[in-house]
1. Modelling each spin label as a point 7 Å along the Cα-to-Cβ direction, I'd like the A:His10/B:Glu35 distance in nm, to one decimal.
2. At a 1.4 Å probe, what is the % contribution of carbon and sulfur to the accessible area of the protein assembly as shown?
3. For chain C, what class follows from the C-alpha gyration tensor (a ≥ b ≥ c being the square roots of its eigenvalues): rounded when a/c is under 1.5, otherwise prolate if a/b is larger than b/c, else oblate?
4. Among C:Ala264, C:Ala241, C:Ala63, which one moves the most in a GNM of chain C with springs linking Cα atoms closer than 10 Å?
5. Rounded, prolate or oblate: which fits the range C:1-139 when a ≥ b ≥ c are the square roots of the eigenvalues of the alpha-carbon gyration tensor, with rounded for a/c under 1.5 and prolate only if a/b beats b/c?
6. In degrees from 0 to 90, rounded to the nearest 10, what is the angle of the helix B:113-124 Cα long axis to the longest principal axis of chain B?
7. Within a 10 angstrom radius of each residue's Cβ in C:13-26, how many Cβ atoms of other chains show up on average? Whole number is fine.
8. How much accessible surface does C:Arg205 have with a 1.4 Å probe, in Å² rounded to 10?
Amino acid sequence: MAGLNSTKLHVAKTIKLYISGAFPRTESGRSFPVYLFNSKKIYAHLCRASRKDLRNAVAAAKSAQAGWCGRSAYNRSQILYRMAEMMEGKRNEFIEIFVQTLGYSSAEANDVVEQAIDALVYYAGFADKFQQLIGAVNPVSGPHHNFTTPEAVGVVALICAEKFDFSRFVGQIAAITCSGNSTVVLLAQDGAAVLAPLAEVFATSDLPGGVINLLSGFAEELAPHLAGHMEIDSICLARNDENMRAAVKEDAVFNLKRIVDNPANELSLAQILQFVEYKTVWHPIGF
Amino acid sequence: MAKVKNSAESVNGDRFKFEYAPAPEAIDMVKIKKENKLFINGKWVSGKSEKFFETINPANGEKLAELTEADAQDVDRAVKAARKAFNGEWSKISGKERGRYLFRIARIIQERSRELAVLETMDNGKPIKESRDFDVPQLAANFFYFAGWADKLEYLFNGKSVQPLGIAGQIIPWNFPLLMAAWKLAPALAAGNCVVLKPAETTSLTALLLTEIIEESGLPAGVVNVITGAGKTGAALVNHPDVDKIAFTGSTEVGKTIARSTVKSKKILTLELGGKSAHIVYEDAAIEQAVEAVVGGIYFNQGHVCCAGSRLLVEESIAPVFVHKLKHRMASLRVGDPLDKNTDIGAINSRSELDKIKKLVAAARNEGYEYFETAATALPEKGYFINPCFFNNVASSANICRREVFGPVLAIQTFRTPAEAIKKANDTAYGLAAGIWSEKGSKIHKTAAGLKAGVIWANTYNKFDPASPFGGYNESGWGREGGRHGLLSYVEVK
Amino acid sequence: MQNGISIQKHDGVHVPILAEPIDEVMLGERALSFTRRSIKKQSKLAAIYKCIEMIDLTTLEGADTIGKVRQLCSKARFPVTAEFSEELSHYKNFKAVPTVAAVCVYPAMVATAKEALAGTKIRVASVATAFPAGQILLETRLRDVRDAVSAGADEIDMVINRGAFLTGDYQTVYDEIVQVKEVCGDTHLKVILETGELATCDNVRLASEIAMQAGADFIKTSTGKVSPAATMPVTLIMLQAILDFYERTGKIIGMKPAGGIRNAKQAIHYLCMVNEVMGPRWLTPELFRFGASSLLNDLLKQVYKQITGRYAYEKSFSLD
């Protein structure tokens, strides 16, 4: 429950995982504490997701991906924009968490939320444009029409940076999902309390269940299971831990997952293109 | 449904038999050195360990030449030479000049096309008509295409500048020795990288001839270094700490080994690996042409094609007619001397590949699948040859339906609905290519959208072009080669 | 499922006509593959002789005269002079040059040709049905056929009603062929599709089916008066239609590409195509013909080259 140490005895919110559009507790019954900034006072007990939770999240992401990818780019754009709207509506909730658990000033916290909203709006606007920027009609020699289009790679696991960076990982989620990927996100431990309002943003944005799944837990424990999971097509690894990186890359080889290693912290076309495959279609031209 | 009769039946004995007399391409213009050296820093040099290995002509099993086996020291020399060139002369010259070199190389390729084609056929075993009409023209076309990019890199990625990656270690396969060298070299050089290239150990001779052409073009020393050798040489290149980029085409197995061995490095990888590509034929297809494409899709280059349409998925309603027509068509395929201009299917590249193919065929026959093989000609007595064949009514679970054979072996399955076709086509760990045959446009587009493959040939198959990106989903590899997208594999976007 | 149309026969029975779709580009690739065949030495000589035997030596000009037709018939009978044969006979692979299959003329010239070819096995083919356009009332076209047959034509080359075909009136196309066939009786009927006017591959295939269903003994590409005339791809469509028809019905139909085949190399490419698509069974003048005029002399030049090793010149052979 969040806000256990606030002065009034208000009803605190239980922070759970976000899998397949639902809010389950971890099946393991385990938790880890998040403290009020610079104190030993508990802010909340967060779910410490297990490999079974991870498995469920991947299964949810897998089953949601085709449908999400099959939506029109315009529709995905609308839904990402809706996320920005919902985040705007929860601005104060986010700020409160950042101030209380991470020690941000209100102004800093406000900026971070602003940047995250910017990221959602930015990629909302990109969902139906990147195809035109990177797609191509290729001038092949001979009577064939030949075109290349970018297509979602599939299920992407996002392992967030050790140091919590809200706007960065929201931007990454948006960059990943705007093209039609689904994702399983392993949040950084220290800011994981944000899972609650963030999941609510996703849950109330007409986003189909399973497209974005949020897990709190320990990367050291879960990263190997993500890396080895054969249903995952791509891993976005934002952590700097060299050993974990090598281990994840090694296990990823079993099904040749695409590895997006330490992606730049920027809003850009390049960020989207790290999570697409190029499909080239040939067709003859004749009577 | 049409009633099927055997059209080959005979009415009378006194019939004109149109035999094609042998029409071998002359080999006199090809000069093969007995011993071949390494090309490092603009010079032909001996290997440090002075070890050699043989390369043979698979059409007769005879030795063609000896090649130097480069060891780790040779690899190091080559990488150092590349680094020196990259930090020095090569980085100082303009994109325009880089392009000029590539244009020159393209032109010399065209001028020496006969020599290249004949040697390619001798070293690889592919039919001369393919090396002459496909491999070598495509080789030149790739250099022409990427030459033009060299001074236009500012247009490569929207709103960003790009820079070369540095030293590219390039390991190429034996199925299209020249063409794969072009796919690797041309974009790497256009983008301003320096290269250490390792051709496949059974097919290095044309890469060395191409190296001579590159030398003739006056390309600065160290920009392209060519080392010969087998897996050990390749591993030394992959593991060299000063290599920035690895581009590999070959088996998924070796691709994975390379990927594993580079996990601790910052090396950027592109991998063009195996496939088990599905060729879907709907009942509304242009059936004669679909048969033609299926035949070309699997028997082109003896089936040594990563994107070979090795699984035929034919709609159940037309399956008997289709298979009948396929058999009829296969009966006109001419297997034999690769240098004969009328040969359609040449030699399997090596004894070990032939053994592997035969083993997989034998295993599938043991599993009881309906087997068919034919050809218009008798198999030559010497050399490594096999008749084109297929297995009919194969289960999805069969090994022959899942494992890449890399030979002229087709597995045939049926389907009932488009959704089932797509599902079966995607039922593979690979994702390189797929074919679709239908005369209905909307069906083609919906099928293409559902297929998890990097190259979709709709109403055609096995088409390649320097401007067209090539590469696979899933375990068929990482990245693209060809076109603007392929060039992006050789630059860093700033 | 098969696409198709239905035609009503005389007796009221409906026959389905298959409309197999054709992909032009892949068709073209297959057709091109036969031009990559390299036919050398004894294979080449045998192929050239076979091509000569398959020629319908043709003159279809407004300027045709009795003199011109007699000249052509003479060429058909004696493609080379006795002196030429004598010269070649000293070479070891010499074989007597065969005569062509037929002479093809307008109906008004049938009697002349018949007389000039009397006593030979060379057949007289006559274009009829208001060749080449066919844009004349059916009665007149049937009369045209009747006249040619009664003048002694062994073979009739009719044109289909392209106007009806292109408006989708396939029944009329079919009915007219049936009626021509009735008039022909035992006289061989070649049905000219005029593929250059049908414009699409699918149309060529469909027209082939209609013609074969209606009783054609041969199907033929072109009149030679419309461009493009015979091409390898178009011939390939028709050959495949013939093969399919044979496999469905057991009936063997012949094929005649006409117009545009001018040299031995082209003719040998066609021969490779027939050989590989149809099998050797169709490699006979009974089932395959070239409608051509200048082809014969080029074939003869190649005979000279193959036998003597020297290149022939124009003057080696009479013009016609």
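1. That separation, rounded to one decimal, is 8.6 nm.
2. Working: 21220 of 40910 Å².
That fraction is 52 percent.
3. Details: a/c = 2.19, a/b = 1.39, b/c = 1.58.
In terms of gyration-tensor shape, oblate.
4. C:Ala63
5. Working: a/c = 2.72, a/b = 1.31, b/c = 2.08.
In terms of gyration-tensor shape, oblate.
6. With both axes taken from Cα atoms, the answer is about 70 degrees.
7. On the way: counts 0, 0, 0, 0, 0, 1, 0, 6, 10, 7, 15, 8, 13, 14.
Mean partner-chain Cβ count within 10 Å for C:13-26: 5.
8. 0 Å²
The values are calculated or read from the model by the stated rules, or taken from the named source; none is laboratory data. For clarity, every value in this text was computed on a predicted model and none was experimentally measured. Note that each Cβ is placed from the backbone with ideal geometry, even for glycine, and that neighbours are counted across all protein chains shown. All accessible areas refer to the heavy atoms of the entire protein, side chains included, with ligands and DNA or RNA removed. Shrake-Rupley method; radii C 1.70, N 1.55, O 1.52, S 1.80 Å.
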